[in-house]
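S.K.: To start, I am sharing the structure in question, which I have written as structure tokens.
Values quoted throughout were computed directly from the atomic coordinates according to the rules given, and no laboratory measurement underlies them. Remember, it's a predicted structure, so these values are computed and weren't measured experimentally. Please note: Cβ atoms are built from the backbone with ideal geometry, for glycine as well, and neighbour counts cover all protein chains shown.
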Amino acid sequence: GANLIATEGGDTNTADFTPALRAQDIPDVEEDLRRLRKRQLKDRTEAVYIAPRSKSSRQAADGASLDLMETMTAFLKSDSQVFFLLGDSGAGKSTFNREVECTLWTNYSSIEDAIPHHIHLPSIDRPDKDLVAKHLRRCDFTEPQIRELTNNRRFTLSCDGYDECQQIYNHYTSNNLNNDGQWKAKIIISCRSEHLGHDYKDRFQPLTDAATSFGAGGSQLQEAVIVPFSRDQIYDYIHRYVNLVKPPWRAKSYIANRLSLAPKTGAQDDLADKATEEAELENFHKDVALVVEE
């Protein structure tokens, strides 16, 4: 079931990533991947994480929700290539995408594993073209390393902010993912629900005739819609935050003073909107806003 957890990044489960080079002129990328992994895990140190739940479509009832990370794990093990994640503003899409990246980096142990990357699409110039290479350049990978990664490695890309790009490109097809000689990657794309029309799936569906290393058969596009966090989840988050950060105020008093008027549903957004100017609560509200921001 969905539980609130306080994740702590670290350099655990570290394996010896550096393989024997296939030839003297092949660039070794493993040292740079180690540094990237360490940096990304450090960024998630001492983060309080709300495990969201999701339903299979916008039409499905919220009560029929499943643990979103379990749904994501099944996608990563499947032949599907695109995971489309929908949710209202403040639903936790960006936070979940970062958690996926952190989980995959934590489990990364060999060159056979897919390399995870979290990408904020609006930060990339023309993300519809050469997306992976542009992102790797921002991570200080050299052109020889990028060619090596293109030819010999797999990726899992978790991409935020599709609705902020003001584009209607199919980023999977426009970037030629999984075509011969191109990047081998699964892609997770998140978008706010209110920015979609009736034909939105055409913008995310992979071409069926694309040559892919993930195999054929079954749907190549999987969809999930994040459901609102429950009151109990929000209360649990506050208690865990207090236990972790130890602010100069108590969870019980915050709940009584700040959440007494929160509605039964959609309370996550109200929690983010109730930022206070009192100094002792300012940092907490910033943290909540970070958790639920999109």
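S.K.: For segment 53-62, just list the computed ³J(HN,Hα) in residue order, Karplus coefficients 6.51, -1.76 and 1.60, θ = phi - 60°, integers in Hz, with x standing in for Gly and Pro.
M.R.: The phi angles translate into 10, 9, 10, 7, 7, 5, 7, 5, 6, 4 Hz.
S.K.: Between their Cα atoms, which of Lys186/Lys246; Lys42/Lys201; Lys77/Lys252; Lys93/Lys129 are more than 30 Å away from each other?
M.R.: Checking Cα-Cα distances, Lys186/Lys246; Lys42/Lys201; Lys77/Lys252 exceed 30 Å.
S.K.: Would you mind ranking Asp125, Asp88, Asp67 by Cβ crowding within 10 Å, fewest neighbours first?
M.R.: Sorted ascending by nearby Cβ count, the order is Asp125, Asp67, Asp88.
S.K.: Would you mind checking segment 157-200 for residues with the amide N under 14 Å from a putative spin-label position 7 Å along Cα→C-beta of Gln59?
M.R.: Only 198-200 pass the distance filter.
S.K.: How many angstrom separate the Cα center of segment 28-52 from the Cα center of segment 152-198?
M.R.: After rounding, the separation between the Cα centres reads 22 Å.
S.K.: Separate question: Can you pull the Kirkwood radius for segment 130-190, inverse mean 1/r over Cα pairs, to one decimal in Å?
M.R.: This gives a value of 12.3 Å.
S.K.: Also, I was wondering about something else. Where Rh is the Kirkwood radius over the Cα pairs of segment 104-155, the temperature 10 °C and the viscosity 1.306 mPa s, what D in µm²/s does Stokes-Einstein return?
M.R.: Taking Rh from Cα pairs, D becomes 133 µm²/s.
S.K.: Using the 10 angstrom Cβ neighbour count as an exposure proxy, how do Ser57, Ser230, Ser123 rank, fewest first?
M.R.: Ser57, Ser123, Ser230
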